[in-house]
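The values are calculated or read from the model by the stated rules, or taken from the named source; none is laboratory data. Keep in mind it's a predicted model, so treat the numbers as computed, not measured. Virtual Cβ from ideal backbone geometry, glycine too; neighbours counted across all protein chains shown.
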Amino acid sequence: MTTLDWTLLVAYFVLMVLIGLRSRTKIKTVVDLVAATMGPIAIPLMLGLLPWFRRSGLRAALASWAIGLIAWAIVKYGAGSTDQTVVVALPLATSLVVYIGLGVLLPENRSEVDDLVDSLNTDPDETAARPAAVLS
């Protein structure tokens with residue numbers, strides 16, 4: 001992992017601790033944090049399997065997740081918004097813009113990624129995958 005990856009990971013944990021300490025109801029905070037991370041994590045998880053987004057690499061995935069989480073914290077606690085649509089949609093849209101933007105501005109072209117994405121379009125030959133004893 002690069003220095004940027006470790007920095008984002010540490011920043012996430014610090015943010016979680018600060019939000020958890022600020023809250024009076026700990027279980028609600030945990031539920032809110034899980035809900036907050038689902039949208040930003042879903043963007044690179046789902047879009048990363050599509051061939052159009054193969055230029056977006058690990059850096060784009062981690063940055064979109066972290067910035068989406070920060071956007072959620074700002075909307076939820078900084079602005080104090082209670083509108084559920086804003087609390088859910090803004091981090092999701094932020095994560096989407098960052099993921100696509102970093103994929104366009106800082107592409108990560110790797111042959112392993114291209115091979116993996118290309119393999120998703122094909123099925124392995126079933127007869128080649130079976131042992132010879134099963135075929136007889």
So is THR82 out of contact with any helix residue (DSSP H, G or I) (no Cβ under 8 Å at 6 or more places or on another chain), at negative phi and not in a helix (DSSP H, G or I) or not? yes
Any residue that is closer than 26 Å to ASP115 by Cα and either in contact with a Gly (Cβ under 7 Å, 6 or more places away or on another chain) or at pLDDT 75 or above (or both) - is there at least one of those in the stretch 29-41? yes
For the stretch 50-79, which residues satisfy the criterion of being under 20 Å from ASN121 (Cβ atoms) and assigned to a helix (DSSP H, G or I)? PRO51, TRP52, PHE53
Can you tell which of VAL113, VAL86 is closer than 27 Å to THR37 by Cα and modelled with pLDDT under 70? VAL113
When the stretch 57-100 is examined, which residues are found to be surrounded by fewer than 19 Cβ atoms within 10 Å (Cβ to Cβ), within 30 Å of SER111 (Cβ to Cβ) and not β-branched (Val, Ile, Thr)? LEU58, ARG59, LEU96
Specify which of the listed residues (LEU47, LEU92, LEU96, LEU102) is under 22 Å from TRP6 (Cβ atoms) and either modelled with pLDDT of 85 or more or touching a strand residue (DSSP E or B) at 6+ places or on another chain (Cβ under 9 Å) (or both). LEU102
What pairs can you find where one residue is in the stretch 5-20 and outside any helix (DSSP H, G or I), the other is among the polar types (S, T, N, Q), and their Cβ atoms are less than 6 Å apart, with a gap of 6+ or different chains? none
